Amino acid sequence: DEDIIMFPTKSRSRSRRRRRMRVQDSSQSTSSADEEQDRIKERKFIASVKELHHLDAAFIRRSNGRWTYAIVANIDDKGIVFVVDKTGSTKTLPDDTRKWKDTVRRIKVLAHGKVSYSSSK
C-alpha cells in the first residue's frame, strides 16, 4: 500500500476575499433599493385602488383564477363590493390591502372610447 499525500487546495488570498465581500455588499444595497422601489409601487397601487368610487370599473380575479370585468357596487368598512356579471353576482374585495395587488386591476379611462388598465408589475 502506497501512502497518498493530499495537498489542501489553495486558499483565497485576503485581497480576493475582500473583493468578493465588496461585490456582495454592493449587490445587497442594489437589492434593498429594488425592494424600496417595489414598496413605493405597491403603495401607489393601493392608493389608486382606494380611489375607486361607486360605478367605477376594474378587472378582478375570481376564485377560479380568471380575470373578470367588474363594476363597483358598494364601498364600506368591510371592503369593496363588485358586480361581476349580468345576473348581479358579486365579489367582495376585503379591506386587506395586502391582497389587492393580486386581485384587482384598476381601469383608467384615457379619452372617449380609449381604455387602459393599471398593473402592479
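None of the figures in this text is laboratory data; all of them are computed from the coordinates on show. All values derive from a computational prediction rather than experimental measurement. Counting neighbours? That spans all protein chains shown, and the Cβs are built from the backbone with ideal geometry, glycine included.
Per-residue HN-Hα couplings for region 54-68, Karplus 6.51 cos²θ - 1.76 cosθ + 1.60 at θ = phi - 60°, whole Hz, x for Gly and Pro?
3, 6, 6, 9, 7, 9, 10, 8, 7, 4, 7, x, 7, 8, 10
Which FRET efficiency, nearest 0.05, do I75 and S32 yield, Cβ-Cβ r, R0 41 Å?
It comes out at approximately 0.70.
Which FRET efficiency value, to the nearest 0.05, is calculated for K44 and D95 with the Förster distance at 25 angstrom and r the Cβ-Cβ distance?
The computed FRET efficiency comes out at 0.85.
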